1. Return the sequence-ordered ³J(HN,Hα) values of the range A:97-105 in whole Hz as given by the Karplus equation 6.51 cos²θ - 1.76 cosθ + 1.60 applied to θ = phi - 60°, using x for Gly and Pro.
2. How far is helix B:11-21 tilted, in degrees, relative to the longest principal axis of the Cα atoms in chain B, given as a value from 0 to 90 rounded to the nearest 10?
3. Fully extended, how many nm does the chain gain between A:Phe55 and A:Gln94 (0.36 nm per residue separation, minus their Cα-Cα distance)?
4. So for the range A:7-93, Kirkwood radius off the Cα pairs, Stokes-Einstein at 4 °C and 1.567 mPa s: how many µm² s⁻¹?
5. If you rank B:Thr24, A:Thr32, A:Thr119 by fewest surrounding Cβ atoms within 10 Å, what's the result?
6. Summing -39500 (n - 2.57) over the DSSP H runs of n ≥ 4 in chain A and dividing by its residue number, what mean residue ellipticity at 222 nm do you reach, to the nearest 500 deg cm²/dmol?
7. Over chain B, calculate the relative contact order: mean separation of alpha carbon pairs under 8 Å at least 6 apart, over the residue count, as a percent.
8. Averaging the inverse of every distinct alpha carbon separation and then flipping it gives the Kirkwood radius. What is it for the protein assembly as shown, in angstrom units?
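What follows draws every value from the coordinates through simple rules; no lab data is involved. None of the values given here were measured: they were computed from a predicted structure. In this analysis, Cβ positions are derived from the backbone assuming ideal geometry, glycine residues included, and neighbour counts consider all displayed protein chains.
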Amino acid sequence: MKRKWNWPLWVGFVVAVGGLFSYEYFVRFPITRDFPWANLLLFGIGAALLLIGLFRAFGRPQVYRGKVFGAILAAIAFFLFGFFSYEIFYVLRQVPRSAQAPEVGERARNFSLPDQNGTQIALGDLLSPNGVVLIFYRGHW
Amino acid sequence: MKIAALSVDSEEINRAHAREMGFTFPLLSDTDAAVIRLYDVLHRGAGPKGTDIARPAEFYVNRDGVVRWVNLTENIAVRARPEQALAAIDAEK
């Protein structure tokens with residue numbers, strides 16, 4: 001007898017892969033960037049479906065397919081989740097301490113740098129009646 | 001209130017970036033990271049091909065040139081929200 005297609009394995013795998021790659025999209029919104037709950041939710045749904053698929057494949061192997069490829073898909077999904085967690089919860093937190101950065105109450109350190117039009121701009125030029133917010137960022141690449 | 005953004009990017013990159021995003025505030029080009037070092041916000045080897053770049057950091061400086069708010073994130077993905085900076089500015093008024 002031909003065994004049935006074990007769809008939760010495939011759908012779970014696709015959802016888990018989506019959990020990794022959708023970070024490109026979710027990173028644009030502070031609410032899903034500050035903590036990646038949307039990605040973790042996708043990984044969770046993917047894991048649940050993969051587990052259902054594996055239970056079917058190993059519990060009723062005469063009815064459902066997927067013992068071999070189900071195990072492979074689950075292993076890949078688990079690896080992707082591990083990679084995601086490592087990047088998000090470890091690599092992104094490797095920020096220098098900046099112990100010598102200016103503190104509240106200190107005088108801002110003077111500088112003069114060219115802007116996008118080649119005009120030299122000093123700190124003093126930026127001190128409007130309401131002050132200035134200096135934003136240091138990683139750059140555009 | 002003014003805004004100025006600082007990074008190691010060149011004037012050319014900043015020009016293209018400002019045009020693309022419609023930014024009218026200055027994007028300051030600190031290619032040798034001198035000012036980034038001066039503010040102790042250098043992130044060694046964190047840029048493309050292991051170059052030194054700035055870590056994300058925000059400072060509010062009042063009209064007298066005094067720092068009134070500092071935001072040094074512990075997670076590159078978590079940046080200051082506009083409301084945080086605005087609250088610091090409102091507190092100054």
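1. 6, 6, 5, 9, 5, x, 10, 4, x
2. In chain B, helix B:11-21 runs at an angle near 60 degrees to the longest axis.
3. So the chain would gain 10.1 nm between A:Phe55 and A:Gln94.
4. D, rounded to a whole number, is 97 µm²/s.
5. Listed from fewest to most nearby Cβ atoms, that is B:Thr24, A:Thr119, A:Thr32.
6. -16500 deg cm²/dmol
7. 18 percent
8. For the protein assembly as shown, inverting the mean 1/r across all distinct Cα pairs yields 20.5 Å.
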